[in-house]
Amino acid sequence: MKKLALLFAGITLFATTATSCNDDENTTPEVPLVGTWQPLAEVRTEVDVNGDGVSDQITYTTCQQQARWIFKENSSGSRTVYTEGTGTPATCTQTSNRTFSYVYDKGLKTIEMKYQGTVVSEKGKITRLEADALNLMIEDTTDPTVYKTVTYSFKRIPQ
């Protein structure tokens, strides 16, 4: 009888240990949005009220990939844009440098960016945030008959 009680206690202990959750094992480290990001591509999607839609993937040129989106700790940032200039050989020209403030909700993965000097605000979602990769989807709701998004794909630039 004593052996049976010990066997039952051992099985119970094993079952409890095997099925218990350890919070340390189930938590993944939080990856910060803060950093410098290089755009690689974008996907533009439009869907009308009938559900008809189209998506276009645009892979950025070498010049376009010189652009940088910088998200700082103090909820401010900047966005530079480069395009190919004229001439032979073609040179890359900075065409825009905009500063913005942003609000990022880590739980909902929503983001709103407000550009300085304008009333322009972009709202969207972070659909992927990893140590070296970011997908940022910006929604355009200005036309109620067409749902538009632009999803940017980035890689983190080490500092």
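The values are calculated or read from the model by the stated rules, or taken from the named source; none is laboratory data. All figures in this text were calculated on a predicted structure; none of them were measured in a lab. When we count neighbours, we look across all protein chains shown, and the Cβ atoms used for this are built from the backbone with ideal geometry, even at glycine. Note: accessible area is taken over every heavy atom of the protein model, side chains too, but ligands, DNA and RNA are not part of it. Shrake-Rupley method; radii C 1.70, N 1.55, O 1.52, S 1.80 Å.
Tabulated data for the structure shown
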item: Odd one out for D56, checked against (1) modelled with pLDDT of 95 or more; (2) under 24 Å from A131 (Cα atoms); (3) open to solvent by 70 Å² or more (accessible area, probe 1.4 Å); result: (2)
item: Breaking point among (1) surrounded by fewer than 15 Cβ atoms within 10 Å (Cβ to Cβ); (2) in contact (Cβ under 8 Å) with a residue 60 or more places away in the chain; (3) farther than 17 Å from G35 by Cα, for V120; result: (2)
item: Scan of segment 128-159 for residues that are hydrophobic (A, V, I, L, M, F, W, C), within 29 Å of D52 (Cβ to Cβ) and surrounded by 16 or more Cβ atoms within 10 Å (Cβ to Cβ), ordered by number; result: L136, M137, I138, V150
item: Candidate set from segment 93-117 (those that are open to solvent by 50 Å² or more (accessible area, probe 1.4 Å), over 17 Å from the mean Cα position of the chain (by Cα) and not charged (D, E, K, R)); member that is modelled with the lowest pLDDT; result: G117
item: Any pair with Cβ under 9 angstrom, 6 or more apart, that starts in segment 63-77 at a residue that is among the basic types (K, R) and ends at one that is part of a loop (DSSP other than H, G, I, E, B); result: K72/V34
item: Those residues of segment 49-101 which are farther than 29 Å from D143 by Cα and touching a helix residue (DSSP H, G or I) at 6+ places or on another chain (Cβ under 9 Å), in sequence order; result: E84, C92, Q94
item: Residue match in segment 59-68 (condition: closer than 19 Å to I111 by Cβ, out of contact with any Phe, Trp or Tyr (no Cβ under 6 Å at 6 or more places or on another chain) and surrounded by 11 or more Cβ atoms within 10 Å (Cβ to Cβ)); result: yes
item: Output for segment 103-115, where each listed residue is part of a loop (DSSP other than H, G, I, E, B) and out of contact with any Lys or Arg (no Cβ under 7 Å at 6 or more places or on another chain); result: K106, G107, L108
item: Selection from segment 33-76 of residues that are at positive phi and not in a loop (DSSP other than H, G, I, E, B); result: G35
item: E42 in contact (Cβ under 8 Å) with a residue 60 or more places away in the chain, among the acidic types (D, E) and open to solvent by 80 Å² or more (accessible area, probe 1.4 Å); result: no
item: Given (1) open to solvent by 50 Å² or more (accessible area, probe 1.4 Å); (2) within 14 Å of Q38 (Cβ to Cβ), index of the condition K125 fails; result: (2)
